[in-house]
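Before any comments, here is the structure.
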């Protein structure tokens, strides 16, 4: 078990009764609907560029799915070049994980490499390491076997993947999952970069585009009339 101070931006863990956390409920409902209608439960989360908020979205979505749906949720750190989810929770670099399973190193099952960082209500599979190239790993038939094993064990499997435009890892990985969520930094990600990212994906696999750090008013939610919906819940917690 790994313990680490959680960044306040992971609001689904640190402040679940706030407006910021409530925004992930809409994404949760969308993912639940995809699973109910088409059994889409293995979802990759990516972004056009670095710093757009894909890991932030991955962690918050995993937390809200696990807590509110009472479902078994696995978050896979699939950014093998620059681990994000694992580092967020203080998991040491080189800890066996996703890459080790795909490359077939050892005979340990998926369950043996799972971490449960505090205070997470979901499981985490670290990125791991391998001497094989990332493209070789993500094109390996073993990748499907690993994801199928995760599918059998969990109601939802989320993969925090590298950004699309700098490297092609996420585009290759997208072919092995049920759907892709693209995270865009509101008012910062250039439209040309978003278009280039979407061109790398099969349109039918894109299940949603999330605008991170979007502070534009939505139905006047900043109004004092809406505050009791969240402050009252927080007071009862």
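The values are calculated or read from the model by the stated rules, or taken from the named source; none is laboratory data. Given the structure is predicted, the values throughout are model-derived calculations rather than measurements. When we count neighbours, we look across all protein chains shown, and the Cβ atoms used for this are built from the backbone with ideal geometry, even at glycine.
Observations
- Within the range 122-152, if we keep just the residues that are assigned to a loop (DSSP other than H, G, I, E, B) and touching a strand residue (DSSP E or B) at 6+ places or on another chain (Cβ under 6 Å), the residue that is nearest to residue 42 (Cα to Cα) turns out to be 122.
- Considering 39, 52, the condition of being surrounded by 15 or more Cβ atoms within 10 Å (Cβ to Cβ), farther than 21 Å from residue 125 by Cα, in contact (Cβ under 8 Å) with a residue 40 or more places away in the chain and out of contact with any helix residue (DSSP H, G or I) (no Cβ under 7 Å at 6 or more places or on another chain) is satisfied by 52 alone.
- Yes/no for residue 166 being surrounded by fewer than 22 Cβ atoms within 10 Å (Cβ to Cβ) and assigned to a loop (DSSP other than H, G, I, E, B): yes
- Condition met for residue 110 (surrounded by 14 or more Cβ atoms within 10 Å (Cβ to Cβ) and at pLDDT 95 or above): no
- Candidates 148, 160, 178, filtered to the one that is under 21 Å from residue 54 (Cα atoms) and either modelled with pLDDT under 95 or surrounded by fewer than 22 Cβ atoms within 10 Å (Cβ to Cβ) (or both): 178
- From the list 210, 184, the lone residue that is in contact with a helix residue (DSSP H, G or I) (Cβ under 8 Å, 6 or more places away or on another chain), more than 16 Å from residue 42 (Cβ to Cβ) and modelled with pLDDT of 90 or more is 184.
- Residues of the range 105-146 that turn out to be touching a helix residue (DSSP H, G or I) at 6+ places or on another chain (Cβ under 6 Å) and at positive phi, as a count: 1
- Taking residues in the range 116-130 that are modelled with pLDDT under 95, and partners anywhere that are in a strand (DSSP E or B) and surrounded by fewer than 22 Cβ atoms within 10 Å (Cβ to Cβ), the pairs with Cβ atoms closer than 6 Å and at least 6 places apart or on different chains are 118/3.
- Among the residues of the range 88-115, those that are more than 13 Å from residue 129 (Cβ to Cβ), in contact (Cβ under 8 Å) with a residue 40 or more places away in the chain and assigned to a helix (DSSP H, G or I) comprise 88, 110, 111.
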